[in-house]
Amino acid sequence: MENLTAQLKRGISRQFSTGSLRRSLTRQMSRQSSFDPRRNNMRFSFGRQSSLDPIRRSPVQDELTVPENLDSTMQLLFMACRGDVKGVEDLLNEGSDVNSIDLDGRTALHIAACEGHVEVVKLLLSKKANIDARDRWGSTAAADAKYYGNVEVYNILKARGAKVPKTKRTPMTVANPREVPEYELNPLELQVRKADGITKGSYQVAKWNGTKVWVKILDKESHKDPERINAFTHELTIVEKARHPNVVQFVGAVTQNIPMMIVLEYHAKGDLASYLQKKGRLSPSKVLRFALDLARGMNYLHECKPDPIIHCDLKPKNILLDNGGQLKISGFGLLRLQYISPEKAKIVFPVSHIDPAND
């Protein structure tokens with residue numbers, strides 16, 4: 001062992017003397033720093049943002065200068081933002097794709113329409129730019145031009161047959177984009193199996209960015225029903241608030257688009273009712289563990305502040321198993337106790353359940 005230690009010390013000393021270890025460490029550190037998002041951030045803000053971007057910023061007032069090390073796509077978007085017709089044309093002639101997009105799915109046509117650069121818009125259209133391309137928020141160049149009051153650009157796009165997506169307001173739509181809840185999800189990232197249809201009052205399996213989730217969809221007819229809207233809002237408030245290892249995890253919701261949806265974590269093992277039916281009698285140790293899981297989850301709900309949450313529909317069908325065999329309370333047909341006076345309490349009934357048969 002001593003000989004091995006001595007050999008290692010001599011080897012390290014030799015590497016330091018020749019500088020090979022120093023160069024190796026330098027390469028390693030530079031390689032790591034290249035992945036640092038603060039040093040290698042390619043999400044540039046070119047002037048005005050998408051008309052449907054919930055975090056729109058004010059237009060940049062200072063004169064734009066070309067940042068260093070931009071790839072061809074970013075250069076094209078930058079030139080379109082600045083209104084540089086010659087720069088855009090040169091890049092397209094050099095082989096840049098007229099429909100290339102940034103991380104937010106925006107094309108040069110989106111950028112030019114936002115900024116109102118008529119000549120750039122005409123050039124991009126002549127180069128066969130996709131007139132109805134949508135960014136990550138579903139906005140088109142025509143919608144952006146209309147939102148920012150660029151009438152001439154809007155008329156040019158409409159004359160070419162551009163479509164303006166209709167924005168449907170939901171009962172929970174906020175007036176100020178900055179008030180959009182942090183949990184808001186992009187509905188385009190959710191794929192619900194069409195064969196399942198919309199199951200009223202229950203959750204069904206869907207995929208969010210490739211990950212399986214439970215999704216409750218508020219059907220279009222319900223948007224005009226105040227009772228269903230109140231039940232949906234009430235349930236959303238509860239599941240968004242609940243955070244405990246033995247309570248099903250809230251993923252997010254869609255409240256600014258129709259249909260509105262609540263998204264929860266998915267558990268492939270299904271509910272406790274199916275598990276008991278398959279396994280039969282459980283061992284005393286597993287019974288005790290399951291009982292503790294339920295007790296901890298229910299105690300958390302009952303101790304919620306300022307108002308306790310009462311789950312008046314606790315049954316095996318509304319209890320899920322995660323991959324580790326831990327129980328999760330779900331079936332948020334929950335009753336939230338809202339105190340009106342020290343003597344009386346009002347109980348509100350939003351009823352829903354998770355139906356694993358939709359898996």
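The values are calculated or read from the model by the stated rules, or taken from the named source; none is laboratory data. All values reported here derive from a predicted model rather than from experimental measurement. For neighbour counting, all protein chains shown are included, and Cβ atoms are generated from backbone atoms with ideal geometry for every residue, glycine included.
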*asked:* Can you tell me which residue is surrounded by the fewest Cβ atoms within 10 Å (Cβ to Cβ) among those in region 108-143 that are of a type in the set (S, T, N, Q) and outside any helix (DSSP H, G or I)?
replied: ASN130
*Residue within region 295-302 that is under 21 Å from the mean Cα position of the chain (by Cα), at negative phi and not hydroxyl-bearing (Ser, Thr, Tyr) present*: no
*In this structure, is TYR154 over 30 Å from GLU227 (Cβ atoms) and of a type outside the set (A, V, I, L, M, F, W, C)?*
yes
*asked:* Residues that are outside the structural domain of LEU185 (by TED's automatic domain parsing), modelled with pLDDT of 85 or more and not in a loop (DSSP other than H, G, I, E, B): does region 235-242 have at least one?
replied: no
*Among the residues of region 76-107, which ones are touching a residue at least 12 places away in the same chain (Cβ under 8 Å), part of a helix (DSSP H, G or I) and not small (Gly, Ala, Ser)?*
LEU76, LEU77, PHE78, MET79, CYS81, ARG82, VAL85, VAL88, GLU89, LEU91, LEU92
*Scan region 245-276 for residues that are farther than 29 Å from THR173 by Cα and either of a type outside the set (S, T, N, Q) or at pLDDT 90 or above (or both) and report the count.*
11
_Being surrounded by fewer than 21 Cβ atoms within 10 Å (Cβ to Cβ) and touching a Lys or Arg at 6+ places or on another chain (Cβ under 9 Å) is the filter here; which residues of region 247-256 pass it?_
GLN249, PHE250
*Looking at ASP97, ASP104, which one is at pLDDT 90 or above and of a type in the set (D, E, K, R)?*
ASP97
*Answer yes if at least one residue in region 264-283 is out of contact with any Leu (no Cβ under 9 Å at 6 or more places or on another chain) and under 23 Å from GLU179 (Cα atoms), and no otherwise.*
yes
*Would you check if ALA291 is in contact (Cβ under 8 Å) with a residue 40 or more places away in the chain, surrounded by fewer than 15 Cβ atoms within 10 Å (Cβ to Cβ) and either over 31 Å from the mean Cα position of the chain (by Cα) or outside any strand (DSSP E or B) (or both)?*
no
_Any residue in region 122-142 that is at positive phi sitting within a Cβ distance under 6 Å of a residue that is surrounded by fewer than 19 Cβ atoms within 10 Å (Cβ to Cβ)? List the pairs, counting only those 6 or more apart or interchain._
GLY138/PRO165
_If a residue must be closer than 17 Å to ASN186 by Cβ and part of a loop (DSSP other than H, G, I, E, B), how many such residues does region 243-286 contain?_
5
*asked:* Go through (1) surrounded by fewer than 18 Cβ atoms within 10 Å (Cβ to Cβ); (2) out of contact with any helix residue (DSSP H, G or I) (no Cβ under 7 Å at 6 or more places or on another chain) for TYR275 and report which single condition fails.
replied: (1)
*Within region 84-96, tally of residues that are loosely packed, with under 15 Cβ neighbours inside 10 Å and either within 21 Å of GLY149 (Cα to Cα) or touching a helix residue (DSSP H, G or I) at 6+ places or on another chain (Cβ under 9 Å) (or both)*: 4
